[in-house]
Structure formats: structure tokens, C-alpha cells
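Below: the structure, in C-alpha cells.
The values are calculated or read from the model by the stated rules, or taken from the named source; none is laboratory data. From a predicted model like this one, the values you see are computed outputs, not experimental measurements. Quick reminder, even Gly has a Cβ in these numbers, built from the backbone with ideal geometry, and neighbours come from all protein chains shown. When the accessible area is computed, the model is the full protein with side chains, heavy atoms only, and any ligands, DNA or RNA have been set aside. Shrake-Rupley method; radii C 1.70, N 1.55, O 1.52, S 1.80 Å.
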There are 2 protein chains.
Amino acid sequence: MIGEIIAIGDELISGRTENTTSAFAARHLFAAGHEIYAMHTIGDNPALIGEVLKRALKRVDFVVVTGGLGSTTDDLTNEAVAEALDREPILYPEILKRIREHLDANQQVSNLEKMAWLPQGAEILNEKAKMAGYLLVHNSIPVFFLPGVPYQMRELLLEHVLPRLAGWSGNHHRVKQRTYKTFGLPETVINQRLLALERRDSIHIGYYPVNCEVHVSLTVLEENKQAAEEKFIDADRVITDALGDAIYGTDQDTLASVVGKLLQDRHKMLSVAESCTGGMIGKRITEVAGSSTWFAGGVIAYSNRLKEILLNVDHDLLNNYGAVSEQVAIAMAARLSERISSDISVSVTGIAGPTGGSDEKPVGTVYIGIFYNNKVTAHLHHFSGNRTRIRDTTTCTALDTVRRALLTDSVQ
Amino acid sequence: MIGEIIAIGDELISGRTENTTSAFAARHLFAAGHEIYAMHTIGDNPALIGEVLKRALKRVDFVVVTGGLGSTTDDLTNEAVAEALDREPILYPEILKRIREHLDANQQVSNLEKMAWLPQGAEILNEKAKMAGYLLVHNSIPVFFLPGVPYQMRELLLEHVLPRLAGWSGNHHRVKQRTYKTFGLPETVINQRLLALERRDSIHIGYYPVNCEVHVSLTVLEENKQAAEEKFIDADRVITDALGDAIYGTDQDTLASVVGKLLQDRHKMLSVAESCTGGMIGKRITEVAGSSTWFAGGVIAYSNRLKEILLNVDHDLLNNYGAVSEQVAIAMAARLSERISSDISVSVTGIAGPTGGSDEKPVGTVYIGIFYNNKVTAHLHHFSGNRTRIRDTTTCTALDTVRRALLTDSVQ
């Protein structure tokens, strides 16, 4: 089915809040075989809400609307929809009851009653949740209204919207989709290598730089299921041959989760010694649920003092070569592994800027060290961009350094 | 001026990439006194690109278009615009020259030539950049075309689009705007306290839950500059009185940057001992440029072993009370401060889930410890939500614990 997504909220059009819910909805709808025609982000503006919704109802098979359902005075979605679709607001006593059950201390039900008035015909999606969301079928088109608060919206989308849409009639195509996640090759090089594949019928290739990675999506659209499968298997082979070990994973994989799987398979424990990244590598790793089975932790050695006290890096080494040096990166990784008996350690020390650079070591100079199999080495990198970008690229490169050491069972 | 933002790219409507550029543009345009009527995210679909652009040209004063300007075959914005606005594509030799200068190894200029064909009338925004962006004035309406790659887009927006728009005629209103960033009060309580203010003329209040914080925006729109100033000063006083020290900062402040200022003023050094956050607190802190003057670093004590070896937490303490306990949180903060002679240390130990919870200590159980002025204490928290949310709330609460210790010069 083809759908449109409408996100509502003044906070979104003033840019104070990033709209992450639309992308989440699009991703999961797409993965479920639907296609998104357009996504709109508009303010709490009743006239525009009505206009955009009515236009969508004329051209797509379903609509997802998020935001503006809350209790504060700037939430106007229900009123706007009632007006635009000519559906009088009705008080839903079951919502009122649920609001009472979920009251925080120092809240009064009267302030929240607004949330219980929905446009006529609304069907509540989840009777049990405080923020229910609802479905309105208008001229046979399902319109899902979900809260703008990301975690509430996500739950309702996954548990109620997707199952409801799966049961709807109108799914014409067989879609096979996979995202290949790569690190280390420029986007244009990847594009060149896949040009011939891209020209084949029913196949669509997309190229998406995501921070320091490039994600390549393969989509096969076919009326016939078997044809879709065959084209997909063939295209998958072409892509994996063309991009080789620059592909670190697919779909839901992250660099950290892939590193975790490699560590688990080899029964190894990883540790990190972070200077300029200040905890980012550890953060990225511990986003993976269950990472405690393969990640010990490490040291945020932001100051030289901590490099000495917690990592046993020699004072002379720091003095003679500077904190940002091959020697110190090597010492950080090796001493940490020794000290805590971890099998593999990665270290980073660099200049993330905006200040701290010199002619000899400009902003973006980063050394990444790795200790593995009782060998240790470090490499110099020159990363570009602002502080955020340099730190992000450093984090990705450190994780990829661990991945390659585990894959080749050596450090180079 | 009132504008519309159009983001183009199949990666955005399939949700593989989150559209962060539109929110960035909206925020900076808003801060510069402009208003955003709507933002659209659409695929690399020439017909729809033309339709959305033409509708915008009829109703707003300016348009910002991002994405689809690159060299790969799925980038179709220039072709779509040329067609929709009836402006033949022209080869810009200066772009071709610049592309040559910026070639990566293993790239050929022929593959990138596509980027040098722009719709007739295009004026290049930045002659020096590889990805230039351009301005097209159509029926007196300025339309800015910017790359979709976030850091390129941001630079062009700040350095070229905003200055060009500032010089345009058509800015009717005086706008004063401030965002108050709060932590610790529920959104509905804040809304209640500001209801009377909200009802005043020319004043608009918005409420935005942003992860574990609530941001409150104050906007004053007046034709007259002095009236705007006066109303703004008065409303500012009402808000700061109503929300008190739940307000940690305004506008560009972050919890980490505010903690940094307090530390700098007091000449104190901070350190962190992180278990369940795995580096997130350090990451958040070191996002602040110059944080090395007030942040020493710390330990990612993810495993019990590291709590013992690097933080000197007694084995017996871990055995008797468990890693997630008041006693261990206290020991982590106190021992770290001792060991590295830091003035103030914050520690976290908790269960982020999805596994690892028990009846006694369910998922979301977190102890946050703080050592300051030779006193140490720890508090138990019960956070809700998934792993990401629990870790994020823990990080915010830890930073707020440091803020309150510094503000009151004590630990409680």
C-alpha cells in the first residue's frame, strides 16, 4: 500500500525538536512492504492540518498522523480533524478512566480531559495505554493518529498500525529489501561498482551516507513472488562481490553489534582506552543489549594525568612524544590489556578541535592503537570536519579496526 | 519571511536515514526571525518534486530545498526543477573545475559531471566548496538548493542562505524567542504553571519533551520593536519564577555545557565512573568544546572486575550487596575521586535491560553516587522505558546531580 505520513507540532517546524518519528514510521512501513509517497511536517495549525490531510486522502491508500494529541493547549490535531472531516468531537469515557489510572502526583484529571475528546468514528488502538492513539476510516482510507512522543508512537506503530495494515486489502507488490552497511569506501566508488546492477529491471539501488558510513539499499519490486526472490538472490551476490569486506553487516546490524558477534564467537573480551572520543566508543558498544558478555569497559583517559594513573602510560612517553602520538596510542592499548587481562583493547588519542591543533598535529590528527594476540600497533589518521564529525569518524574507525583484527586474527 | 522546506531523497522516505537537515534549517531560520509554514520530505521523484515546489512558490516568501544534487544516478533534483520551472539545464564550467580540484583517488571527473548541470538562472552560493548549492529566484521568490549531506548543508545554510535572506525585503515582524531547558518537572505541571502567561496577547508558549528534558519556548511576535522587548522581559520573569531551578539553561545550553560553566567558575575538575551508561556521560561531557579544562575523564566500569581493578571497589562489597547497590555507587564515586584526586566524581550503576532485572532490582533500577567536598552519597532511582531511554535518563540525572551539588555547594 502507498501511504503518507503527517507529523504535527510547532516544536518540529521551529526545529527545536527533530522529527524522528516520521523516519521510524517510514522505515518500518517500508520494511513491511509499503511505500511512502510523502512525509509532511507542519505546525499546530488547524487549517493546514486539514488541508494536508484532505490532499493525502485523495491520493494514497493510508495515512499516519503523529503529534498534537496531548493535553496541553497547543495540541490541536483532534479539533482540526473533527473540523476538516466534519466529524463532531465525542467524549470517550474509557479514555477518561484510563487517564485517571495513570495520573502523576500533582496532576488533575480536568487538565487532561481534552485528550478524551476524539473525532466521531475514532476507534481506540490500545485500550490499555495512557496515550492510546486511534484509527479513523474515512472514505475507506485508514488514517492512524498516533502521539508525537517517540516511544509511545513507536510502540503503537509496531503493535497496532502494522498489524492492522497487514490485514487491509490493497497490497499489490512483492518487495524484497536489504540494506548493506559499509565502512571505508567513498560513495561514488560504490556507485561506480554497482552501475550495471542498477540498470536492471525491477531493481532499485540507493546510496546513503550515514555519518561516516555508506549504506546501500537494494529493493526488488515484482508482482510475482518467485521472480522477486530470484532477482534478489542474484543482486545480493553482485553487491557482496563488488563491495567485499567494506560491507560490515546488513539491515539492523551496527558496527558495534557486528564487533560483538565476532567477539562472542571467539570468546574474547574487549576493552577501550578513549581520549578524544571521551566515552563515545563505550557508549556505542553498550547500546548493544547483552554487551556485558564481551565488553569489560575501560578508561576515559581525557587528561594526561589519567593516562598515567589509570593506564600506566609513562610520564616520559607523554612528555617526549605528546599525548597525541603513535607511542602513547600503543601504550594505552597495551597497558590497559595487561592491567585488566582483556584479550583485545583499542585506544584512541587525537585532536578533535576546534582548538588544540598545531602545524605539526592539526585538528583531525588521530592515532588509533590496537592490542590483540599479544601484538600491538597504532595507525595515524587525518580526519576532516568539525568536532562532532572527527569524533564520530574516530569512533567508527576504532570499531572497524577491532572488526578487521578479529576477522583476520591479526593486527596490522 | 515565511518559508517552506523540501527535503528530497529516497533514503528519507524509506526511513533508512533520518532527516536532520530540515530541523536544523528550521531552527536557524526561526531564530533569524523567519517562520516555517511546512516541511516536506519526498523521494527522488521528479513529478512530485515539481508539484511540491510549485505549490510552495504560490504561498510562501522563500523555499529551501535539500538533497538530490549529488553525482549518483538516483539524484534527480536538478532535472526535476529544470522541467517543473521550465529552465533548461546549463553546464557550469566553474563547477566542473572545482570538482576536478576535489577529486578523491580512484574517482573520475566524468562520473561527477552531472553535478555541474544546473537549471538556467542558478546562482552558485559558494564558489569554493565542492558541493556548492545554488539560488534560483523564480517569480521573485528565492529558492535555495542545498546538498542533503548534513555538514555541507549546514555550512551553506549558515554562511550563505541566512545572510542572503536577511538582505531580502519582506520581514514584517519583530520576533523575540527564547527556549528554556528544564529537567525534573513533568510537562503537564509546567503547562499548568504557565497557563495564565500563555493567554496573553502576542505571546506563544510551546512545550517540547526532548528525551528526558522538557524545553519550553517563549515567542513574542510584535510589529513594534519596543513592545516586543517589554513583553519579552516580562514573560521571561514569569517563566523563571514559575519553573525555578528546574530550568538548567536556555537556547544553546546543554546540561553538560552548564555543568562545565559551573565547574570552570569554581575551578573544579570532574570525573565519572560509569557502569550501565558505558561511556554516555563522558561522551555528553566531551561534546562540549574545551571540556578538557574541567573534565579529567574516568572509568567505564562495565564489568565487576573493572570496578575492582580500576576503581578499587572491594570485592566483598560487590559480593555482599551486588554491583547495583547504594554501597557500590558510593564506593565508585569516592574511590575514583581519591585515586585521581578529582574534586567531584559522579558514579552510576544500574540495570538498563532488557535482561538482568529481578524482583528485588527490576530493569530501570539505578543508583547514582556523588562525591564532592569530601562527602559522598548515593540515591536510588527507578527509571522506565526501554534500554535507550533508561540509559539516557540516567545520563541526564547524573549530570543534573552534579549541577545541583555545584549550585548548592553540597551533596544531599
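Tell me the mean residue ellipticity at 222 nm calculated for chain B from its helices only (DSSP H runs of n ≥ 4, each -39500 (n - 2.57), averaged over every residue, nearest 500). Intermediate values should be presented prior to the final figure.
Values: 17 runs with 163 residues, N = 412.
Computed ellipticity for chain B at 222 nm equals -11500 deg cm²/dmol.
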So which lysines can B:Lys181 reach, going by Cα to Cα under 21 Å and dropping same-chain residues fewer than 8 places off? B:Lys231, B:Lys261, B:Lys283
All-pairs Cα distance distribution in the stretch B:174-250, expressed in whole percent, bin size 10 Å: 20, 55, 22, 3
Could you compute the longest span of chain A free of trypsin sites (Lys or Arg not before Pro) located in DSSP loops and having at most 13 other Cβ atoms within 10 Å, not counting the site residues? A:200-412
Could you pull out every residue, at least 5 positions away or on a different chain, whose amide H is within less than 5 Å of the one on A:Ile6? Hs are placed 1.01 Å off N in the peptide plane, and Pro or chain starts have none. A:His40, A:Val64, A:Val65, A:Thr66
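Report D for the stretch B:355-412 in µm² per second (integer): Stokes-Einstein, Kirkwood Rh on Cα pairs, 4 °C, 1.567 mPa s. Mind showing how you got there, number by number?
Details: Rh = 12.3 Å.
Translational D for this selection: 105 µm²/s.
Given 0.36 nm per residue, what is the gain on full extension from B:Arg164 to B:Gln412 after removing their alpha carbon distance, in nm?
Numbers: separation 248, 0.36 × 248 = 89.28 nm, distance 5.22 nm.
Contour length minus Cα-Cα distance gives 84.1 nm.
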Sequence-distant aspartates and glutamates (8 or more away, or on other chains) whose Cα lies within less than 14 Å of A:Lys58: A:Glu4
Out of the DSSP beta bridges found with both residues in the protein assembly as shown, what percent are antiparallel (nearest 5)? 65
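Please work out the ratio of the alpha-carbon Rg of the stretch B:1-114 to 2.2 N^0.38 Å and round it to two decimals.
Details: Rg = 15.6 Å, N = 114, 2.2 N^0.38 = 13.3 Å.
Output field value: 1.18.
How fast does the stretch B:101-257 diffuse by Stokes-Einstein, in µm²/s, taking the Kirkwood radius from C-alpha pairs at 20 °C and 1.002 mPa s?
Translational diffusion coefficient: 111 µm²/s.
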Using bins 5 angstrom wide from zero, how does P(r) for the stretch B:229-275 break down, in % of all Cα pairs? 5, 16, 18, 19, 18, 11, 7, 4, 2, 1
Note down the accessible area of B:Asp245, probe 1.4 Å, to the nearest 10 Å². 90
Which whole-number percent is the relative contact order of chain B (Cα, under 8 Å, 6+ apart)? 10
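Can you pull the Kirkwood radius for the stretch A:255-408, inverse mean 1/r over Cα pairs, to one decimal in Å? It would help to have the intermediate numbers written out before the result.
Values: mean 1/r = 0.0662 Å⁻¹.
Value: 15.1 Å, from the Cα pair sum.
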Which longest uninterrupted range of chain B lacks any GluC sites (Glu not before Pro) assigned by DSSP to a loop state (not H, G, I, E or B) and surrounded by at most 12 other Cβ atoms within 10 Å? B:224-359
Can you give the charge dipole size of chain A about its Cα centre, rounded to the nearest 20 debye, using +1 on the beta carbon of Lys and Arg and -1 on the beta carbon of Asp and Glu? 640
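If you average 1/r over all unlike Cα pairs in chain B and invert the result, what Kirkwood radius do you get in angstrom? Write down the numbers at each step before the final one.
Working: mean 1/r = 0.0406 Å⁻¹.
24.6 Å is the Kirkwood radius here.
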What are the ³J(HN,Hα) couplings of the stretch A:262-275, residue after residue, when phi is run through the Karplus curve with 6.51, -1.76, 1.60 and θ = phi - 60°? Round to Hz, x for glycine and proline. 4, 5, 4, 4, 9, 6, 10, 10, 9, 9, 10, 10, 10, 9
Rounded to two decimals, what is the ratio between the C-alpha radius of gyration of the protein assembly as shown and 2.2 N^0.38 Å? 0.96
Add +1 for every Lys or Arg and -1 for every Asp or Glu among the other residues with Cβ under 12 Å from the Cβ of B:Glu35, and state the total. -3
Mind checking Rg over Rh on the stretch B:253-331, alpha carbons, Kirkwood formula for Rh? 1.05
If you check each cysteine of chain B for another cysteine whose beta-carbon is under 4.7 Å away, which ones come up empty? B:Cys276
How shielded is B:236-248 by partner chains, expressed as the average number of their Cβ atoms within 10 Å of its Cβ atoms? 0
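Nearest 20 debye, what's the magnitude of the dipole of the stretch B:2-166 about its Cα centre given +1 on Lys and Arg Cβ and -1 on Asp and Glu Cβ?
On the way: 15 positive and 22 negative charges, 67 e Å.
Computed about the Cα centre, the dipole is about 320 debye.
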What number comes out for the charge environment of A:Ser257, summing +1 per Lys or Arg and -1 per Asp or Glu over other residues with Cβ under 12 Å away? +1
Treating cross-link reach as a plain straight distance, find the lysines whose alpha-carbon is under 16 Å from the alpha-carbon of B:Lys225, omitting any fewer than eight places away in the same chain. B:Lys176
For A:Glu35, residues with placed amide H under 5 Å, excluding near neighbours: A:Ile2, A:Gly3
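If you add up the charges near A:His379, with Lys and Arg at +1 and Asp and Glu at -1, over every other residue whose beta carbon is less than 14 angstrom from its beta carbon, what do you get? Present the calculation step by step, with values, prior to reporting the outcome.
Details: positive: A:Lys375, A:Arg404; negative: A:Glu326, A:Asp400.
Spelling it out: positives minus negatives among the neighbours equals 0.
Taking the Cβ-Cβ separation of A:Asp86 and A:Leu197 as r and a Förster radius of 45 Å, what is the calculated FRET efficiency to the nearest 0.05? Spell out each step's value before the answer.
On the way: r = 50 Å, r/R0 = 1.11.
Calculated value: 0.35.
In what order, largest first, do B:Ser358, B:Ser410 sit by accessible area if the probe radius is 1.4 Å? It would help to have the intermediate numbers written out before the result.
Details: B:Ser358 55, B:Ser410 35 Å².
Greatest to least solvent exposure: B:Ser358, B:Ser410.
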Reported to the nearest 10 Å², B:Trp168 has, with a 1.4 Å probe, an accessible area equal to 70
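Once A and B are treated as a pair rather than alone, how much accessible area drops out, both sides summed, in Å² to 100, probe 1.4 Å? Can you show the working numbers first?
Working: alone 20280 and 20250 Å², together 33410 Å².
That pair hides around 7100 Å² of surface in total.
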Please give the average number of partner chain Cβ atoms lying within 10 Å of the Cβ of each residue in B:147-155, rounded to a whole number. 2
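Evaluate E = 1/(1 + (r/R0)^6) for B:Arg100 and B:Arg59, where r is the Cβ-Cβ distance and R0 equals 35 Å; express this FRET efficiency to the nearest 0.05. Walk me through the intermediate numbers first.
Numbers: r = 41 Å, r/R0 = 1.16.
In this case the efficiency is close to 0.30.
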Exposure ranking of A:Asp201, B:Asp234, B:Asp75 by accessible area [1.4 Å probe, largest first]: A:Asp201, B:Asp234, B:Asp75
